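The values are calculated or read from the model by the stated rules, or taken from the named source; none is laboratory data. None of these values were measured; they are calculated from a predicted model. Because the Cβ atoms are built from the backbone with ideal geometry, glycine has one as well, and the counts that use them run over all protein chains shown. These area figures cover heavy atoms from the full protein model, side chains too; ligands, DNA and RNA do not enter into them. Shrake-Rupley method; radii C 1.70, N 1.55, O 1.52, S 1.80 Å.
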Amino acid sequence: MTTPIVTEADLRESVTRELPGVRADLERLVRIPGIAFEGFDHSHVERSAEAVAELLRGCGLDVEVVRAGGQPAVIGRRAAPPGAPTVMLYAHHDVQPIGDRALWESDPFEPVERDGRLYGRGAADDKAGIMAHVAALRAFGDHLPVGVVVFVEGEEEYGSDSLERLLAEHRDELASDVIVIADSTNWDVGVPALTTSLRGIVNCFVEVRTLEHAVHSGMFGGAVPDALTTLVRLLATLHDDAGNVAVPGLVAREGAGVDYPEDRFRGEAGLADGVRLFGSGRITDRLWTKPALAVLGIDAPATGEAPNALVPTAKAKLSVRLAPGDEPKRAYAALRGHLERNAPWGAQVEITFEHDGAPCVIDASGPMFDAARSAFRTAWDGTDAVEIGVGGSIPFIATFQEMFPQAAILVTGVEDPHARAHGPNESLHLGEFARVCLAETLLLARAAQVRQGTNP
């Protein structure tokens with residue numbers, strides 16, 4: 001048995017000692033291309049789940065790999081000491097596809113350090129989230145002051161289709177007093193954050209048809225609308241001239257707690273010179289409390305292969321990010337109605353639903369949130385955490401809120417504005433990762449103190 005860790009200095013020393021091994025295991029996880037999307041080799045997702053299960057067993061947890069019709073998830077448990085709370089630690093082990101390989105400066109699945117950052121798909125989103133949990137567990141060794149349930153999902157990037165079934169089937173095993181979701185971002189390098197709102201999402205496909213078959217563009221052009229031009233005109237109705245979403249009925253709010261300086265935002269987004277920002281109002285409102293609508297892809301002839309013929313059909317994939325307070329089914333109905341009403345030249349329009357997810361707002365008040373703020377302040381050497389919204393979506397948080405209404409839900413993360421999650425050259429800031437690992441370790445200690453009634 002190891003000696004119990006009782007002081008902040010002990011915890012800091014223990015985390016520092018564990019970090020080299022934590023990084024090595026993170027790199028091993030990054031080398032597994034566990035992509036849950038259709039068309040990819042899902043044996044890698046199985047390998048990824050087994051690797052996570054092995055890591056958790058090494059932390060002394062009782063572990064099982066579970067599924068509910070989808071990709072494998074991992075649940076690891078250790079019972080709470082008498083009188084201590086139970087904390088759920090969530091992350092996901094699946095990753096996004098890499099996209100265009102030519103845009104990566106190094107192999108996406110061979111981790112490489114450059115300028116203090118670790119590059120590789122999943123290095124930040126969300127394999128570093130898994131390893132932050134592992135780092136905290138290793139730091140305590142045999143003397144974990146709280147009970148833990150580690151829940152590592154296997155298809156978050158693909159929409160978490162089986163998650164609700166998993167939660168229902170394992171509800172009793174997952175029941176917790178505190179839920180830490182390590183799948184968000186910090187405000188900046190050197191500035192931690194608690195995420196208190198996230199937008200929802202609706203994805204769908206819209207297909208237009210103007211012809212039964214392709215026809216000669218010279219013989220019929222000028223009188224017959226081609227489907228690609230028609231689709232472009234339809235897509236143009238989705239925004240006004242300033243770039244605000246122009247679909248009636250979608251919720252839009254203002255009042256984000258902090259602002260985002262435009263010069264910083266432009267640099268972090270990688271906006272090309274001369275390109276103006278979309279929409280109106282404060283940048284944080286545009287990102288966190290208003291809807292956004294993007295065209296993610298179009299099915300149409302490739303330019304190098306396109307004949308001189310009018311295209312009979314064209315299809316686009318649309319993604320709407322919903323402001324907190326909106327409801328996905330109602331928002332989809334509003335989008336569908338807009339597309340049907342605005343079809344140019346009487347074109348036939350078919351809309352197909354893909355998936356949705358609810359937005360959420362978290363009330364970040366109470367002793368567990370105070371404990372988290374205290375842990376962050378210590379880990380970041382006196383810098384207070386910023387409460388932020390996130391423009392992206394983690395729809396299952398609303399599910400957690402519904403299923404575990406008494407639990408304090410803390411949405412944290414390992415990313416920073418330069419992480420490029422989902423894009424080429426995804427990376428993890430290694431200095432910030434060390435702070436995240438310390439912060440989570442301190443949080444578990446402070447959570448035990450909250451239950452005991454002492455000041456964290």
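Charged neighbours of Ala139, selected by a Cβ distance under 11 Å, balance to -1 (K, R count +1; D, E count -1). Note on the chain: dipole from Cβ charges, positive end direction compared against Ala53, Gly366, Pro312; the farthest Cα belongs to Gly366. A Cβ-based charge dipole, computed about the Cα centre of the chain with Lys and Arg at +1 and Asp and Glu at -1, lands at about 520 debye. Estimated purely from DSSP H runs of n ≥ 4, each contributing -39500 (n - 2.57), the mean residue ellipticity at 222 nm for the chain is -9500 deg cm²/dmol once divided by its residues. Backbone geometry of segment 342-355 corresponds, through the Karplus equation with coefficients 6.51, -1.76 and 1.60 at θ = phi - 60°, to 3J(HN,Hα) couplings of 9, 5, x, 6, x, 4, 6, 10, 10, 10, 10, 6, 9, 7 Hz, x marking Gly and Pro.
Projected label points at Asp370 and Ala9, each 7 Å from Cα along the beta carbon direction, are separated by 2.7 nanometres. Set the Cα radius of gyration of segment 329-456 against 2.2 N^0.38 Å, with N its number of residues, and you get 1.49. The aspartates and glutamates within cross-link reach of Lys329, meaning a Cα-to-Cα straight distance under 19 Å and a gap of 8 or more places when in the same chain, are Asp161, Glu164, Glu340, Glu350, Glu354, Asp356, Glu402. Extension gain, Glu327-Ala302: 0.36 nm per intervening residue step, less the Cα-Cα distance, totals 5.3 nm. Listed by number, the DSSP H helices of the chain that run 24 Å or longer by alpha-carbon position along their axis and have mean Kyte hydropathy of at least 0.0 are 430-452.
Whole-Hz Karplus values for segment 285-296 come out as 5, 4, 8, 10, 10, 10, x, 10, 9, 10, 8, 8 Hz, taken residue by residue from phi with 6.51 cos²θ - 1.76 cosθ + 1.60 and θ = phi - 60°; glycine and proline positions read x. Using a Debye calculation, one point per C-alpha and no hydration shell, please list log10 I(q)/I(0) for the chain at q = 0.06, 0.09, 0.13 Å⁻¹ in order. Debye output, listed in q order: -0.29, -0.62, -1.21. Simple spin-label estimate for Asp241 and Lys317 gives 3.3 nm between the two label positions (7 Å along the Cα-to-Cβ direction from each Cα). Candidates Val30, Ala419, Val15 compared by Cα position along the dipole of the chain: farthest toward the positive end lies Ala419, with charges placed on Cβ. Pairs of C-alpha atoms in segment 1-118 farther apart than 24 Å represent 42 percent of all such pairs. Per residue, the solvent-accessible area of the chain (1.4 Å probe, heavy atoms of protein chains only, all protein chains present) comes to 43 Å².
Non-local amide H neighbours of Val112 (under 5 Å, H modeled in plane, Pro and chain starts lacking H): which ones? Excluding prolines and chain starts, which carry no amide H, the hits are Tyr119. Surface composition of the chain: carbon plus sulfur atoms contribute 50% of the solvent-accessible area (1.4 Å probe, protein chains only, all chains present). Within the shell of other residues whose beta carbon sits under 14 angstrom from the beta carbon of Leu310, the net charge comes to -1, with Lys and Arg scored +1 and Asp and Glu -1. Computed extension length for Glu110-Phe37: 24.2 nm, one decimal, from 0.36 nm per residue of separation with the Cα-Cα distance subtracted.
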